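Computed from the coordinates by the stated procedures, all read-outs in this text should not be read as laboratory data. All of these numbers come straight from a predicted model, not from anything done at the bench. Cβ coordinates were reconstructed from backbone atoms using ideal geometry, including for glycine residues, and neighbour counts include every protein chain displayed.
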Amino acid sequence: MHDGAAVPGPALLFCPADRPERFSKAASCADAVILDLEDGVAPEDSSAARAAVASSSLNPETTFVRINPAGTAEFDLDFDALAHTPYRRVMLAKSESAAQLDALQNAGCDVIALCETAAGVENAAEIARHPAVVALMWGAEDLVAGMGGRSSRSADGTYRDAARYARSRVLIAARSEGKAAVDAVHLDIADVEGLREEASDAAAVGFSATACIHPSQVAVIRASYAPSPGEREWAIAVLDEAETQPGVFRFGGRMIDEPVLRQARAVLRAVPTKPEEEG
């Protein structure tokens with residue numbers, strides 16, 4: 001498990017639940033697959049999607065099922081369908097309160113709570129404290145749409161302030177409770193450099209994984225989360241120096257104290273890049 005948490009990572013790949021012919025490929029190329037019963041499926045195909053999930057045989061440890069928001073008729077149908085599968089790892093769309101997670105806890109589910117509404121972001125700390133939650137994820141597009149906005153990103157492709165605030169708030173809420181944090185998808189599949197920058201930033205600030213929507217994004221995310229050879233060399237060298245230098249010391253022109261040493265240990269704990277090609 002990546003980051004010592006209950007979420008495999010660093011690359012989580014969404015797969016529409018009504019496309020069972022894609023399930024095995026998605027599961028084999030990513031660290032975990034998210035079978036999507038919510039936005040990835042047209043309403044008229046929902047019944048077929050639930051049947052496809054029920055008849056699938058993926059590894060339950062590396063398979064999550066994204067279900068519809070609590071309090072909807074679709075949630076009840078998704079929840080009932082899950083009872084007939086081996087899957088007990090779910091992503092709850094549009095999580096807005098801890099109380100919404102009680103039924104999933106009673107069913108023995110591990111939950112990635114997807115905070116993608118204003119209420120979900122506002123209540124992220126409360127949600128993170130729920131014992132069923134193993135991770136929080138945030139989502140930009142539903143958040144902005146739900147607030148009556150028109151775009152989560154500026155013309156240069158970077159997130160607007162509201163989205164950046166939500167990202168940071170969900171990350172801090174998750175990590176304050178020792179839970180994993182999953183960064184949002186990068187919708188522009190062709191924008192490899194933009195994905196690389198966002199995933200590298202996610203790894204740098206403490207996200208455990210990044211979700212994605214296309215197999216070609218998996219290798220980019222893995223490479224971005226893996227420390228560079230230079231980072232690993234620095235981490236090894238500074239930790240070796242710490243063995244002989246009690247307390248605060250100077251190394252490479254920089255003051256080194258315990259927080260910096262913890263960052264160095266995190267570099268060495270990071271999952272190495274797997275050997276597939278980007279594409």
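Label point 7 Å out from Arg160 along Cα-to-Cβ: which residues of region 171-190 have amide N under 20 Å?
184-188
Could you tell me the center-to-center distance, by alpha carbons, between region 165-236 and region 135-156 in angstrom?
Comparing the Cα centres of region 165-236 and region 135-156, I get a distance of 18 Å.
Students often check this: by mean Cβ neighbours within 10 Å, which of 76-85, 134-143, 211-220 ranks highest, and how do the rest follow?
134-143, 211-220, 76-85
Hey, what did the chain get for relative contact order, percent, Cα under 8 Å, at least 6 apart?
Result for the chain is 16 percent.
Could you pull out every residue, at least 5 positions away or on a different chain, whose amide H is within less than 5 Å of the one on Met137? Hs are placed 1.01 Å off N in the peptide plane, and Pro or chain starts have none.
Ala113, Leu114, Cys115, Val182
What net charge do the residues around Pro60 carry, taking every other residue with its C-beta under 12 Å from that of Pro60, with Lys and Arg at +1 and Asp and Glu at -1?
Counting the neighbours of Pro60, the net charge comes to 0.
As a test, work out the antiparallel percent of DSSP beta bridges whose residues both lie in region 2-225, rounded to the nearest 5.
Of those bridges, close to 5 percent are antiparallel.
Would you please report the Å³ per residue occupied by the convex hull of the alpha carbon atoms in region 2-225?
Dividing the Cα hull volume of region 2-225 by its residue count gives 114 Å³.
Do you know the relative contact order of region 230-269, to the nearest whole percent, from alpha carbon pairs under 8 angstrom that are 6+ apart? It would help to have the intermediate numbers written out before the result.
Working: 27 pairs, mean separation 20.2, N = 40.
Relative contact order here is 50 percent.
What number, in percent, do you get for the relative contact order of region 1-50 if the mean sequence gap of Cα pairs under 8 Å and at least 6 apart is divided by its residue count?
37
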